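A short write-up of the structure that comes next.
Bear in mind that the values in this text are calculations on the coordinates, not laboratory data. Because the structure is a prediction, the values reported are computed rather than measured. Glycine also receives a Cβ, built like all others from the backbone with ideal geometry; neighbour counts cover every protein chain displayed.
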Amino acid sequence: NSHTLWGGRFSEPTDEFVQRFTASVNFDQRMYNQDINGSLAHARMLEQAGILTNVECQAIIDGLESIRADIRDGKFSWSVALEDVHMNIESELTKRIGPTGKKLHTGRSRNDQVATDIRLFVRDAIDVLASELTRLQYALVDLAEREAATIMPGFTHLQTAQPITFGHHLMAWNEMLDRDYSRLLDCRKRLNVSPLGAAALAGTSFPIDRHFTAGQLGFDMPSRNSLDSVSDRDFAIELAACGSLLMTHLSRFSEELVLWTSTQFDFIDLPDRFCTGSSIMPQKKNPDVPELVRGKTGRVNGHLIALLTLMKSQPLAYNKDNQEDKEPLFDLLDTLLDCVKAYADMVPAITAKKENMYLAAKKGYATATDLADYLVKKDMPFRDAHEVVGKTVAYGLQQNKDLSELSLSELRQFSDSITEDVFEVLTLEGSVGARNHIGGTAPQQVLAAVANYRILLQQR
Ligand code: ARG
């Protein structure tokens, strides 16, 4: 009993099951670096405030660094009896440096300590995730440049709509990711305040310097309210929300990659190293990576709901419920990072089957809108033009011919406004080339968007 850190008040030891049930060390040990960094900042601040002597502070710093090295090298033995990462490290510190170790917790509580640790952990993860997102965006931009003039069908309702360029399609994905990136940074801004000093909930009677610890840990400022500081997990929920949206985007790319690698579409090729075979069907090459990313979207969405539900109705300030934030949060971050990494590795290896894309665009009467626009330019009201082209398409279907394969006299059955120059707009190249304005699908616009993004990405 005397070996627990709060043994003083208790007359019997914790039930063995309860000990295991309430412990978090098996998962929160992942935050050991952040926990030690937080303790270093706190110890230095205590020294500055005259609460620790220079010698005591140095002993604590050396002790913590030796613990960090042992944990890193897998030489540290974690104890469930010591509940969590915080108490494991603190107890070990006292073992190593003696009674001075017991002074570290002056003016601090595990409540502000854990709030600090998770913020630091999430901040580090956001930084890695953001740089992987940038790598993925570069990959998309590079591929878009290569495929700026590659023609494919664009879809609405998954039915052939109008011809587009593959580069334009890739840059649409890039737009989604660019918003995800800015959402992540936005989340980082709000999380980057230091809870240290809030102590258990009310602050501390010691003459602490919260600006000092905030500065040491790279926070923008100390948090403004001690109660809120120890009970706020908004940043975790925000991150999960950003993550869910990011995964929603990745699931949409995934869906398209799965469709496009099928025999029925056959638009792209994924290299073998991103696919697997079948144990029974020798011909199979399955797009496992996109499928798995699509599947993991459900897992991330689940974590968002778990975190929202965890925080719902919690009274101020800290509650033990909060310990349940870590497993969803860690799994969420691991999953996001794996998925973005998989895409950043895979996208440069996508090859377009240009011929198939081109033929598919040709098959679906994708230039019907161009013919209607042509008639409007010859002074026909758009609604009439729509009707005329509808009939022309019906005729083409009957004859099994694309619009560009109909003869001038066949076309003129439907309107005598149609003349020889119609064939320029009925080609796929003419159609995409004509959409040459900001945000349009023309190869020239794709290249402009690519150049623009190269500058934006470099400025990050
Ligand atoms: N392991 C705890 C957590 O993850 C640390 C804070 C515990 N504080 C307390 N008063 N029980 O939230």
> So how far, in whole Å, is the C-alpha centre of the stretch 424-460 from the one of the stretch 177-253?
Replying inline: 39
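So what is the 222 nm mean residue ellipticity for the chain from helices alone, if each DSSP H run of at least 4 adds -39500 (n - 2.57) and you divide by all residues, rounding to the nearest 500 deg cm²/dmol?
Values: 19 runs with 280 residues, N = 460.
Dividing the helical sum by the residues of the chain leaves -20000 deg cm²/dmol.
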> Hey, what angle do you get for helix 382-399 against the long axis of the chain, alpha-carbon based, 0 to 90 degrees rounded to 10?
Replying inline: 80
>> Pairs of alpha-carbon atoms within less than 8 angstrom and 6+ residues apart define the contacts here; what relative contact order does the chain have, in percent?
In response: 17
> Whole-Hz Karplus ³J(HN,Hα) for the stretch 278-287, in order, using 6.51 cos²θ - 1.76 cosθ + 1.60 and θ = phi - 60°, x for Gly and Pro?
Replying inline: 10, 6, 10, 9, x, 7, 6, 9, 9, x
> Going by how many other beta carbons lie within 10 Å of each one, how would you line up Asp84, Asp178, Asp288, fewest first?
Replying inline: Asp288, Asp178, Asp84
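Determine, for Trp173, Trp6, Trp78, the number of other Cβ atoms within 10 Å of each Cβ, and report the residues in order from fewest to most.
On the way: Trp173 21, Trp6 8, Trp78 17.
Lowest to highest Cβ neighbour count: Trp6, Trp78, Trp173.
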> When you count, for each residue, the other Cβ atoms within 10 Å and take the mean per peptide, how do 7-18, 97-108 rank with the highest first?
Replying inline: 97-108, 7-18
>> If I fit a long axis through the Cα atoms of helix 443-458 and take the longest principal axis of the Cα atoms of the chain, what angle between them do I get, 0 to 90°, rounded to 10?
In response: 10
> What is the set of long-range amide H partners of Ile164 at a cut-off below 5 Å, with H atoms built 1.01 Å from backbone N?
Replying inline: Met152, Gly154
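I need to check one value: relative contact order of the stretch 31-122, counting alpha carbon pairs closer than 8 Å and at least 6 residues apart, in percent. List each step's numbers first, then the result.
Details: 72 pairs, mean separation 36.5, N = 92.
In percent, rounded to a whole number, it is 40.
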> Roughly how many whole Å is it from the C-alpha centroid of the stretch 340-398 to that of the stretch 70-135?
Replying inline: 58
> What's the angle, to the nearest 10 degrees (0 to 90), between helix 54-72's Cα axis and the longest principal axis of the chain?
Replying inline: 50
> If you plug each phi of the stretch 322-329 into the Karplus form 6.51 cos²θ - 1.76 cosθ + 1.60 with θ = phi - 60°, what whole-Hz ³J(HN,Hα) values come out, in order, with x for Gly and Pro?
Replying inline: 4, 4, 6, 6, 6, 4, x, 5
> Mind listing the phi-derived Karplus ³J(HN,Hα) values for the stretch 90-105, rounded to whole Hz, using 6.51, -1.76 and 1.60 with θ = phi - 60°, and x for any glycine or proline?
Replying inline: 5, 5, 5, 4, 5, 4, 7, 10, x, x, 4, x, 6, 7, 4, 7
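Would you please name the chymotrypsin sites (Phe, Trp or Tyr not before Pro) within the stretch 186-247 that are DSSP coil residues with at most 14 other C-beta atoms within 10 Å of their C-beta?
Details: sites: Phe212, Phe219, Phe235; in loops: Phe219.
Hits after loop and neighbour filter: nothing returned.
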> Does the stretch 362-458 classify as rounded, prolate or oblate by the C-alpha gyration tensor (a ≥ b ≥ c root eigenvalues; a/c under 1.5 gives rounded; else a/b over b/c gives prolate, otherwise oblate)?
Replying inline: prolate
> Using modelled amide H (1.01 Å from N, peptide plane; none on Pro or chain starts), what sits under 5 Å from the amide H of Ala199, excluding residues fewer than 5 places away?
Replying inline: Ser109, Asp112
> Could you state the principal axis extents of the C-alpha atoms in the stretch 7-106, from the largest down, to the nearest angstrom?
Replying inline: 42, 35, 19
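Take the residue pairs Lys75/Lys326; Lys296/Lys326; Lys284/Lys326; Lys75/Lys312; Lys103/Lys326; Lys296/Lys363 and return only those whose Cα atoms are more than 30 Å apart. Before the final figure, lay out the partial values.
Details: Lys75/Lys326 24 Å; Lys296/Lys326 18 Å; Lys284/Lys326 40 Å; Lys75/Lys312 39 Å; Lys103/Lys326 28 Å; Lys296/Lys363 35 Å.
Distance filter (> 30 Å) returns Lys284/Lys326; Lys75/Lys312; Lys296/Lys363.
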>> Apply the a/c threshold of 1.5 to the C-alpha gyration tensor of the chain and tell me whether it is rounded, prolate or oblate.
In response: prolate
> By count of other Cβ within 10 Å, fewest leading, how are Ser313, Ser39, Ser226 ordered?
Replying inline: Ser313, Ser226, Ser39
